[in-house]
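All remarks here apply to the structure that follows.
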Amino acid sequence: MLRTIKSVASLATTAAVVAGLGIVAMTSAEAQSGGHTGKKPTIVLVHGAFADSSGFNEVTRRLLADGYPVVAAANPLRGLSSDAAQVKALLQSVQGPIVLVGHSYGGAVISAAATGNSEVKALVYLGAFVPQAGEAVGQLANQFPGSTVNDSLKPVPLPDGHVDLYIDPKVFPARFAGDVPAKEAALYAITQRPATDVALGEPASGPQAWETIPSYDLISGADKIIPPAAQEFMAKRAGAKVQVVKGASHMLFVSQPGTTVAFIEKAARETAR
């Protein structure tokens, strides 16, 4: 009996501490689902080439603080169709409405991955590719003048005959992350994940999700990887709601987390009701 009383007292003390900190306690079922209670859509974040999900850390922190469940996908960067298949499988594991966000090459991935999934209520593109069938991201990057991507690539041949492509760390800060603090940009240059030549050269195929799902496009106005003109062309073609962030580099979600979060949450409010 004494042990039971102590346990109850301990639980009460814990509850009081939690309440005092302003933390909302979750049931075990809610905890397993990332705290999703059905009130807000889950935000699924898909990184692009030469990056990983850690770039979304500040965006994720702010979304969580605003009550949104968040899932950050590990984009393999091995091939467009296979990458999209993996993200599609991840989406099927998420319960309830989804706002799907893609940066750069991740935009091409979400455009394929969301097809046929009625729970995806909005697509949000962040300095991203929005291809139609038959277009590859490498082609789209060079369709308008201003991209430095071809001159920035550092190839690493692979045993299977393909090539891993990196952004040369020497030029990464200036060309990929021009408005990110220099020391931070240098770290991203070191920890970047490569994309294969297959991923950047494989054309999109089949229906694209933006043809049927509302889309939002946050355009990086000083992008040296995907020229703003290319982003605007793709956004207009997709009928996306557009916001241009003047002076923003390709890593606008890192340099402009407040603007990025506000844009994602706008898409959530307008579509996931």
Dipole-positive endmost among GLN208, ALA189, PRO97 within the chain (Cβ charges, Cα centre): PRO97
Local net charge near GLN139, Cβ-Cβ under 14 Å (Lys/Arg +1, Asp/Glu -1): -3
Equivalent ellipsoid semi-axes - Cα gyration tensor, the chain, angstrom: 36, 21, 18
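By the scheme Lys and Arg +1, Asp and Glu -1, what is the net charge of all other residues having a beta-carbon under 12 Å from that of ALA49?
Values: positive: ARG78, ARG193; negative: ASP52, ASP83, ASP164, ASP197.
Net charge in that neighbourhood comes out at -2.
What percent antiparallel are the DSSP beta bridges of the chain, to the nearest 5?
On the way: 7 of 31 bridges.
Taking every DSSP beta bridge with both residues in the chain, the antiparallel ones total about 25 percent.
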Where N is the number of residues in region 103-260, Cα Rg divided by 2.2 N^0.38 Å: 1.02
Whole-number Å³ per residue for the convex hull built on Cα positions in region 93-171: 154
Taking only Cα atoms of region 171-273, radius of gyration then Dmax in Å: 15.2, 43
Span-rule helices in the chain, defined as complete DSSP H runs reaching 27 Å or more along the axis (Cα) with Kyte mean at least -0.5: 2-21
Rg and Dmax of region 147-223, Cα atoms only, in Å: 15.5, 42
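Measuring with a 1.4 Å probe in the full set of protein chains, what accessible area per residue, in whole Å², belongs to the chain? Don't skip to the answer; put the middle values down first.
Values: 12730 Å² over 273 residues.
Heavy-atom accessible area per residue stands at 47 Å².
Report the Stokes-Einstein translational diffusion coefficient (µm² s⁻¹, integer) for region 35-141, Rh taken as the Kirkwood radius over Cα pairs, at 25 °C with viscosity 0.890 mPa s.
178
With a 1.4 Å probe and all protein chains left in place, how much of the accessible area of the chain comes from carbon and sulfur atoms, in whole percent?
Working: 7380 of 12730 Å².
Carbon with sulfur: 58 percent of the solvent-accessible area.
The values are calculated or read from the model by the stated rules, or taken from the named source; none is laboratory data. Since the structure is predicted, the reported quantities are computational estimates derived from the model, not experimental observations. Quick reminder, even Gly has a Cβ in these numbers, built from the backbone with ideal geometry, and neighbours come from all protein chains shown. In case anyone asks, the SASA skips ligands and DNA or RNA and just uses the protein heavy atoms, side chains included. Shrake-Rupley method; radii C 1.70, N 1.55, O 1.52, S 1.80 Å.
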